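Peer 1: Could you have a look at this structure, given as structure tokens, before my questions?
The values are calculated or read from the model by the stated rules, or taken from the named source; none is laboratory data. None of the values given here were measured: they were computed from a predicted structure. Here the Cβ is made from the backbone with ideal geometry for all residues, glycine too, and neighbour counts use every protein chain on show. Note: accessible area is taken over every heavy atom of the protein model, side chains too, but ligands, DNA and RNA are not part of it. Shrake-Rupley method; radii C 1.70, N 1.55, O 1.52, S 1.80 Å.
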Amino acid sequence: MAWHEDQELDQGEHARAAIDLEVSQVVELPRPRAPHTEEAARMYAVVTVTVRRPDAARAAPAARLPAPRDPVPGPRLAEVLLIDHSSSMVIPPSRLAAARAAAVSALARIPDGAFFALVAGADRATMIYPRRPGLAVAGAESRAAAEAALRECTPGGGTAMGTWLERAARLFRELPAAASAASPAYVRHALLLTDGRNEPGYETADELRGRVERCAGAFDCDVVGIGDAWETDELLLIAGALGGRTRAVEDLTRLPDELAALAGRAAERDVTGLRLRLTHRAGARPHLFEQVHPTRAALAPAHVDLAGVGAGAGGPVHEYALAPCGTETRAYLIGVGAPYDPAQLGKELLLTEVEVTADRPDRLELPPPVQVLMRWTDDADLYSRLDPQVSHYQHLEELHGTFEEACRALKRDDRKAAEALLGTAWRLADAAGDTAMRDHLRRLVRVRDASRGEVELRDHIAKFDVESARIQSSTTVLPGARGARARRPGGAR
């Protein structure tokens with residue numbers, strides 16, 4: 001967002017980004033036969049956060065008010081492009097040429113005034129542009145200089161992606177500190193492109209995991225794999241821990257558009273500092289909170305300073321920082337247990353209150369808190385109902401697990417087991433309305449009977465087709481026309 005546009009949009013509440021917050025659940029749970037059985041006391045719900053941008057205000061410039069004397073600037077993008085320059089990138093030479101063209105396309109999507117850097121990744125990370133430590137400021141001159149430096153960079157060496165991420169973290173730490181509360185926040189984003197996997201001689205699996213964990217929360221990172229020699233688990237590890245998405249690109253002519261789209265999406269995510277605060281009732285036992293859309297991601301609660309938090313429901317308080325947002329929807333699965341009290345049978349009880357908080361609430365339209373409720377009952381007609389959103393994401397989790405099991409069967413050349421599992425995966429993807437996953441599955445099997453999940457393995461299955469389908473199964477779709485057919489009663493799973 002250009003600076004002067006942000007000044008104008010801060011006038012009037014109609015121009016603020018609005019946050020919607022919803023909870024979806026079945027309130028009733030069956031009264032446990034054994035009152036001290038913890039599993040029977042677990043309630044599951046889906047919490048959905050939707051960010052809506054003030055597009056209507058942008059479309060009517062004549063209606064905007066004059067800029068204020070002291071405008072509050074919006075967040076400023078800081079982008080680091082991590083481009084594989086190991087020896088494998090020159091086999092074939094078209095691979096490196098495509099990667100460089102894609103990096104140039106991504107540079108073009110970085111707004112003027114944003115910070116950026118271009119890093120060559122091999123067994124160590126080397127600055128391409130700027131040469132000096134730190135980040136450059138985007139503009140026509142700096143983009144041209146970065147493109148020239150990219151053409152002059154010589155590939156060579158092995159692969160140690162954790163060192164690339166550590167270099168990005170150091171660059172982000174060198175961003176100018178906020179001078180005041182009115183200074184802009186930063187959207188820290190990295191884009192990593194690779195054609196290979198880590199080499200133990202340069203970085204072990206444990207070293208990669210440790211470096212990824214140390215970078216978690218410092219910046220977000222999207223990961224793109226090209227060729228077919230990359231390791232899916234490594235790419236998913238990086239993107240999953242760093243709040244990004246993973247892409248597998250087979251057609252190198254599509255690579256520039258792919259990187260440009262990812263860089264452009266990062267530039268649009270200018271809603272920062274959002275947190276989800278979960279305040280549980282006394283005695284509640286929270287045991288699960290994870291992102292289920294657009295990708296699966298385990299979340300760790302941030303430290304909560306209870307000095308500024310009211311007593312609430314008297315139980316534990318957890319806060320989860322959300323990555324910068326644009327216009328998008330994110331969904332989270334929450335699981336909470338509570339001890340059974342016979343005196344509470346039939347009473348609707350507050351289990352958890354969910355609230356969106358923000359570093360700069362004056363710049364947003366924040367929603368009221370929502371509640372996760374529960375009610376013990378003996379009525380099977382009530383507790384056997386299925387919540388459509390909870391069941392949808394449980395359904396997609398089953399799809400993911402089934403497909404991973406099918407991949408293991410393929411690796412051990414158990415075609416019969418793989419065929420049966422891929423048939424189940426087809427039925428699950430079809431029931432969830434996951435058309436992208438169905439498209440990937442068609443490259444592995446011929447579908448004989450879609451409704452019954454009867455499939456036949458193709459004679460030749462390319463490694464890329466299997467691994468790109470694994471990447472696709474790590475993403476999820478929102479509940480659509482065809483909801484998932486859940487199999488578990490009530491709020492339990």
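Peer 1: Please give every one of the aspartates and glutamates within straight-line cross-link reach of residue 411, meaning a C-alpha to C-alpha distance under 16 Å, and leave out same-chain neighbours fewer than 8 residues apart.
Peer 2: 228, 231, 233, 419, 459, 465, 467
Peer 1: Now, a different point. Might you work out the accessible area of residue 272 for me, using a 1.4 Å probe with all protein chains in place, and round it to the nearest 10 Å²?
Peer 2: That residue has around 40 Å² of solvent-accessible surface.
Peer 1: Which percent of Cα-Cα pairs in the stretch 336-493 sits in each 5 Å bin, short to long?
Peer 2: Result, from short to long distances: 1, 8, 14, 15, 13, 11, 10, 9, 8, 6, 3, 1, 0 percent.
Peer 1: I need the fraction of alpha carbon pairs in the stretch 141-296 separated by more than 18 Å, rounded to a whole percent. Intermediate values should be presented prior to the final figure.
Peer 2: Working: 8304 of 12090 pairs.
I get 69 percent for the Cα pairs in the stretch 141-296 exceeding 18 Å.
Peer 1: Round to the nearest 10 and report in Å² the accessible area of residue 440, as given by a 1.4 Å probe over the protein chains' heavy atoms.
Peer 2: Using a 1.4 Å probe on the heavy atoms, I get roughly 40 Å².
Peer 1: Moving on. Applying the Karplus parametrisation 6.51 cos²θ - 1.76 cosθ + 1.60 with θ = phi - 60° to the phi angles of the stretch 332-345, what ³J(HN,Hα) value in whole Hz is obtained for each residue in order, glycine and proline being reported as x?
Peer 2: Taking θ as phi minus 60°, the curve returns 9, 9, 10, x, 9, x, 9, x, 7, 10, x, 5, 9, 4 Hz for the stretch 332-345.
Peer 1: What dipole magnitude, in Debye to the nearest 20, does the stretch 234-360 give about its Cα centre under +1 on Lys/Arg Cβ and -1 on Asp/Glu Cβ?
Peer 2: Taking the Cα centre of the stretch 234-360 as origin, the dipole is about 240 debye.
Peer 1: For a quick check of your reading of the filter: which GluC sites (Glu not before Pro) in the stretch 125-229 sit in a DSSP loop and have no more than 16 other Cβ atoms within 10 Å?
Peer 2: Working: sites: 141, 147, 152, 166, 174, 203, 207, 213; in loops: 174, 203.
Here the GluC sites (Glu not before Pro) that fit, given the DSSP loop and packing criteria, are 174.
Peer 1: Now, a different point. Within the stretch 332-390, list the GluC sites (Glu not before Pro) lying in a DSSP loop whose Cβ has at most 13 other Cβ atoms in a 10 Å radius.
Peer 2: Details: sites: 348, 353, 355, 365; in loops: 348.
Here the GluC sites (Glu not before Pro) that fit, given the DSSP loop and packing criteria, are 348.
Peer 1: Let me ask something else about it. What share of the DSSP beta bridges in the stretch 109-255 is antiparallel, in percent to the nearest 5? Could you put the intermediate results ahead of the total?
Peer 2: Numbers: 6 of 16 bridges.
So the antiparallel bridges amount to about 40 percent of the total.
Peer 1: On a 1.4 Å probe surface of the protein chains, which of 467, 290 comes out largest in accessible area, and what is the full order?
Peer 2: Ranked from most to least accessible, the order is 290, 467.
Peer 1: I'm a student and want to see the number: the projected area of the Cα convex hull of the stretch 100-149, averaged over all directions, in nm². Working shown, then result.
Peer 2: Numbers: hull surface 13.4 nm².
Directional mean of the projected Cα hull area for the stretch 100-149 stands at 3.3 nm².
Peer 1: Using r as the Cβ-Cβ distance of residue 412 and residue 141, and R0 as 60 Å, what FRET efficiency do you calculate, to the nearest 0.05? Working shown, then result.
Peer 2: On the way: r = 56 Å, r/R0 = 0.93.
Efficiency computed from Cβ-Cβ geometry: 0.60.
Peer 1: Quick one: putting +1 on the C-beta of Lys and Arg, -1 on the C-beta of Asp and Glu, what dipole do you get for the stretch 342-391 around its Cα centre, in Debye to the nearest 20? Numbers along the way, then the final one.
Peer 2: On the way: 5 positive and 10 negative charges, 8 e Å.
Taking the Cα centre of the stretch 342-391 as origin, the dipole is about 40 debye.
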